[in-house]
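Reviewing the structure listed below.
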Amino acid sequence: MSRLLIKNGYVVDPANGIDTPMDVSVADGKIAVIGRRLEIPDAQIIDASGCHVFPGFVDLHVHLREPGREDEETILTGTRAAAAGGFTSVCSMPNTTPVIDRATGINYLRSATQRDGLVNVYPAAAVTIGQEGKEITEFGDLVRHGAVAFTDDGHCIMEAEIMRRALEYTAMFHVPIMNHCEDGNLKRDGVINEGRVSMLLGLRGIPSVSETVIVARDIALAEYTGGHIHIQHVSTRRSVELIREGKRRSVRVTAEVTPHHLALNEDACLEFDTNAKVAPPLRSEDDRRALIEGLLDGTIDVIATDHAPHTDIEKDMVFTEAPFGMIGLETAFAVCHGELVATGRMDLASLVAKLTVRPARVIAINKGTLSVGADADITVVDLACEKRIARETLFSKSYNTPFLGKTLRGFPVYTIVGGKLIYSKGQILETAQA
């Protein structure tokens, strides 16, 4: 029996209401005991003095790029980045090449994850074949093979009839539809938020209404069908208001916000930094504050990174030609802690809940908890640990983040998956690749 004992840490487990100094004992990959001054013979000891012990983080929105764009990221490099960021479970997006729209794609991901993955990977499958928005996929077959959600992420589902049918079918299998809410007719060839900064830079803007009209439609369709709609990367004040209204009417709507939309606004693009070019775009300061308000009052359920790797060659293009997206797995907790907890806006337990038990509930996986008997997925964080974000210290294959060169505080020092220590003080333990 393999044993692990995390001693002298401060345990925060929102799922069980734990917020106190305790030790955590692990046996055969499961949480065995949580208590004070535990002594476990023959256990491997991790000294968490001065650190906080959390359930492993869960990310609902990650692009691992494999298969098809292994020059940007792979399952190996992406899950290394996840481990370094304290994420023990990630939901992978299906906009790969080929698109994950059939059981063979799910099977490939599961096989590749078993071979190369360091953390748990839960696949989302496409809503429509080829993500073309025309014909829905075989939801039942994909769920049977392991799909935990459906999304055409990167593409908005524009046809209301397609969305209606998708919500009706997925309701039978108790899985959510996750939609990238962005009306292509309104977005057109916009590259930045439509507003003050787009006018200053002379760039075509993406109006906030391009998001909100789809959010409003999707909430109405979820209410009509009884399906579960999950709004991806919310970016506008009006979207928050619509989601809040939907929840008040008991619509099955959940929502996520990214660390970059919480911490940055459109001003990050003033120097034409393509690393700040994301979809949906960084919005106004008023929108950013509304996102924080929505997170605080429970309107927005989870924080998800939308980790979107791109090569230097792609991001070195002129602003109008560079792809949308930034990486985020390795900086997510530090960015959110600095913006929300260190400023006094949010208590630590609430932040941890948005990164653990809340996202786990959205896709109905038994993660994000330190309950006795649960899988021993654990993240140990040193809130005082400072790091300068640099290429040489990132585990992702890509470096497209506007936080490069910035010093952040609050980083994982140990990441444990299934009772196995896979990340320790800046090092991926190669023995984790079994």
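Quick notes on this one:
- Applying both filters, DSSP loop and at most 11 other Cβ atoms within 10 Å, to the trypsin sites (Lys or Arg not before Pro) of the range 25-93 gives R36, R37.
- Listed residues L221, G184, V119: farthest to the positive end of the dipole of the range 56-362 (Cβ charges): L221
- Other-chain or far-sequence residues with amide H under 5 Å of V413's (modelled H): V380, V381, D382
- Two-site FRET efficiency, R289 against F324, from Cβ-Cβ distance with R₀ of 25 Å, rounded to 0.05: 0.60
- Here the 3J(HN,Hα) profile of the range 361-375, calculated from phi with Karplus coefficients 6.51, -1.76 and 1.60 at θ = phi - 60°, is 5, 4, 9, 6, 10, 8, 9, x, 8, 9, 4, 4, x, 6, 4 Hz, Gly and Pro shown as x.
- Cut-off under 5 Å, modelled amide H: who pairs with D152 long-range: V127, H180
- Each of M199 and S111 was given a label point 7 Å from its Cα along the Cα-to-Cβ line. The distance between the two points is 5.6 nm.
- Beta bridge orientation in the chain: antiparallel %, DSSP, nearest 5: 55 percent
- Projecting the Cα atoms of A83, S250, G68 onto the dipole axis of the range 56-362, where Lys and Arg carry +1 and Asp and Glu carry -1 at the beta carbon, places S250 farthest toward the positive end.
- Net charge contributed by nearby residues that have their C-beta within less than 15 Å of L394 (K/R +1, D/E -1): +2
- Projecting label points 7 angstrom from Cα along Cα→Cβ for R37 and M317 puts them 6.3 nm apart.
- Contour excess over end-to-end distance, with Cα ends at N8 and R249 and 0.36 nm allotted per residue: 82.3 nm
- For L296 and R238, the FRET efficiency from 1/(1 + (r/R0)^6), where r spans their Cβ atoms and R0 equals 25 Å, is about 0.90.
- In a reduced charge model with +1 at each Lys and Arg Cβ and -1 at each Asp and Glu Cβ, the range 56-362 shows a dipole moment near 920 debye about its Cα centre.
- Residue by residue, the range 294-301 carries 3J(HN,Hα) couplings of x, 5, 5, 8, x, 4, 9, 7 Hz when phi is fed to the Karplus relation 6.51 cos²θ - 1.76 cosθ + 1.60 (θ = phi - 60°); x denotes Gly or Pro.
- Once the Cα-Cα distance is subtracted from the 0.36 nm per residue extended length, the R345 to D189 segment shows a gain of 52.5 nm.
- Computed Rg/Rh of the range 105-255, alpha carbon atoms with Kirkwood Rh: 1.02
- Relative contact order (%) - criterion: Cα under 8 Å, at least six apart; region: the chain: 20 percent
- Hz values of 3J(HN,Hα) by residue in the range 397-403 - Karplus curve (6.51, -1.76, 1.60), Gly and Pro given as x: 6, 10, 10, 7, 9, x, 8
Where a number appears in this text, it was derived from the coordinates with a stated rule and is not lab data. Since we're looking at a predicted model, the values are computed, not measured. Backbone-built Cβ (ideal geometry, glycine too); neighbour counts: all protein chains shown.
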